[in-house]
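Comments concern the structure below.
The values are calculated or read from the model by the stated rules, or taken from the named source; none is laboratory data. Note that this is a predicted model, so its numbers are computed, not measured. Every residue, glycine among them, receives a Cβ derived from its backbone with ideal geometry; neighbour counts consider all protein chains shown. We work out accessible area using only protein heavy atoms, side chains counted, and drop any ligands, DNA or RNA first. Shrake-Rupley method; radii C 1.70, N 1.55, O 1.52, S 1.80 Å.
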Amino acid sequence: MIKVNDNYAKLKESYLFYRIGQKVKAYKEAHPGEPVYRLGIGDVSLPLCDAAVKALHEAADDQGSAERFQGYTPEPGMPFFREAVADYYAGRGISLQTAEVFVSSGASDELGDILDLFSRESAACIMEPAYPAYLDANIMAGRKITTLSAGPENGFLPTPEENPDADLIYLCSPNNPTGAVYSREQLKKWVDWANARGAVILFDAAYEAFIEDDSLPHSIFEIEGARTCAIEICSLSKTAGFTGTRLGYTVIPMDLERGGMNLNAMWVRNRTTKTNGVSYIIQKGGAAVFTPEGQEQIRKNIHYYKNNARVLMDALDKAGIEYWGGKNAPYVWMRCPKGMGSWEFFDRMLNDIQVVGTPGEGFGPCGEGFFRLSAFGHADETKTAAERMYRLLESLK
Ligand code: MLT
């Protein structure tokens, strides 16, 4: 009899956003026609920017042209896409070879796939509350998992002084779900820790474009020493609305070596075996995001979402509720009122005011008592949801 991967038995019964989706579906079935305001999963509401749409159309035409048709694409990425990403980093003073940039079909896919580079005996450290895919991907792989707790006491930003026991550590900055952002000094401590220990940092930069405070780093590669200890995973999902289109990129420096092996070369070997590249059309659309025109257009969209975050924060201020994030991130992380549990507050929000958020407990046990609001909705719906939430919070006093 075949032996299946019984690590799956150690997973929670369903993935966080699937569970929320099921609860919302059940509510809608029981209350047909009633509007539901979605501040839950961080899915974007604005369409792709014009520059990306134009490039997608042109690339589709290329596929219908005998002269310009493109079959398989190079697995690590089309040169034009890798160059566009390297130029984007250069704009921030980070020098990358194009061969250090890999295309991906999105950060969440990549965060799981990249684990192929590390032995199952290597321990992974996850800072909780955390994006749940980090934990689930490591459980599926049967890896030893340790956690560091993030909370108001450490500004939701654990540091190596907390002595993590790990070979692989996840840093997400700006953080999902708390919106906390590491400073250069704090990241330097992590880089020094990883280099001294021979560990690897998996730096999730999916929300870097939401940083508005110039003193904060967007990339781990702004930190001296990161080229010998870090991999950066990024995505065009939140930055440019590619949640449905699927596109991301991963930076693995040539200098990153462990156990006498080069991780960049290993990833080339992995991608060339396990993928046939990412769609030419989508990479064309993605490259257009990095043009001056594309950057100007996506900045407007990010500004729109930041306004939503402001509307949510204003409602919480008015209700006297403590919260974090929202300024350099598209998520507002609030304390549940009256000491409520996070799923209890989720149910009150859904049943009483038809607003969907994300219970903090879904991001790990130390997220209990907190609740995440996403700023990715439509402005008018976010405004209505914020007004309803304010009234609910007042009624609970
Ligand atoms: C979230 O809501 O945390 C994210 O949208 C989920 C994701 O990016 O997969």
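Taking the protein heavy atoms of the chain in the context of the full set of protein chains, the accessible area attributed to carbon and sulfur is 52 percent at 1.4 Å. Just how much of residue 115 is accessible, in Å², when a 1.4 Å probe is used and the result is rounded to the nearest 10? Looks like 10 Å² after rounding.
For the chain, the share of DSSP beta bridges that are antiparallel, to the nearest 5, is 55%. When only the Cβ of Lys, Arg, Asp and Glu is charged (+1, +1, -1, -1), the dipole of the stretch 181-263 relative to its Cα centre reaches about 340 debye. Can you tell me which lysines have their Cα less than 22 Å from the Cα of residue 300? Leave out same-chain residues fewer than eight positions away. The qualifying lysines are 54, 238, 284, 327, 383.
Per-residue surface analysis assigns residue 221 an accessible area of about 20 Å², computed on protein heavy atoms at 1.4 Å probe radius. The largest accessible area among 110, 368 belongs to the first residue in 368, 110, and the rest follow in falling order (1.4 Å probe, all chains).
Using only the C-alpha atoms, the convex hull of the stretch 1-97 corresponds to 318 Å³ per residue. Solvent-free Debye calculation, one equal scatterer per alpha-carbon of the stretch 138-183: log10 I(q)/I(0) at 0.22, 0.27, 0.29, 0.33 Å⁻¹ equals -0.86, -1.11, -1.17, -1.29. Its alpha carbons considered, the stretch 48-112 gives a radius of gyration followed by a Dmax of 14.0, 40 Å.
Taking the charge dipole of the chain about its Cα centre, with +1 at Lys and Arg Cβ atoms and -1 at Asp and Glu Cβ atoms, the residue from 211, 248, 363 reaching farthest to the positive side is 363. The equivalent ellipsoid that matches the C-alpha gyration tensor of the chain spans semi-axes of 33, 26, 21 angstrom, in descending order.
With both residues required to sit in the stretch 172-311, DSSP beta bridges show an antiparallel share near 55%. Phi-derived couplings, Karplus 6.51 cos²θ - 1.76 cosθ + 1.60 at θ = phi - 60°, listed residue by residue for the stretch 68-83: 10, 3, 10, x, 3, 9, x, 4, x, x, 5, x, 5, 6, 5, 5 Hz, with x used for Gly and Pro. Dividing the helix sum by the residues of the chain, where each DSSP H run of 4 or more adds -39500 (n - 2.57), gives a mean residue ellipticity at 222 nm of -12500 deg cm²/dmol.
Starting from the Kirkwood Rh over alpha-carbon pairs, what translational D in µm² s⁻¹ does the stretch 180-232 have by Stokes-Einstein at 25 °C and 0.890 mPa s? Answer, rounded: 219 µm²/s. Taking the Cα centre of the stretch 264-362 as origin and assigning +1 to Lys and Arg Cβ atoms and -1 to Asp and Glu Cβ atoms, the resulting dipole is close to 500 debye.
Scalar couplings 3J(HN,Hα) for the stretch 175-184, obtained by applying the Karplus form with A = 6.51, B = -1.76, C = 1.60 to θ = phi - 60°, are 7, 9, x, 7, x, 6, 10, 5, 7, 4 Hz; x denotes Gly and Pro. Averaged per residue, the chain has 43 square angstrom of accessible surface, using a 1.4 angstrom probe with ligands and nucleic acids left out. The mean of 1/r over all pairs of different alpha-carbon atoms in the stretch 294-389, once inverted, gives a Kirkwood hydrodynamic radius of 13.6 Å. Computed over the stretch 1-56, the P(r) tail beyond 14 angstrom holds 74 percent of alpha carbon pairs. If the elastic network links every pair of Cα atoms under 10 Å, which of 252, 94, 223 fluctuates the most in the Gaussian network model of the chain? So, out of 252, 94, 223, the one fluctuating most is 94.
For the stretch 87-136, the Kirkwood estimate of the hydrodynamic radius, built from every pair of different alpha carbons, is 13.5 Å.
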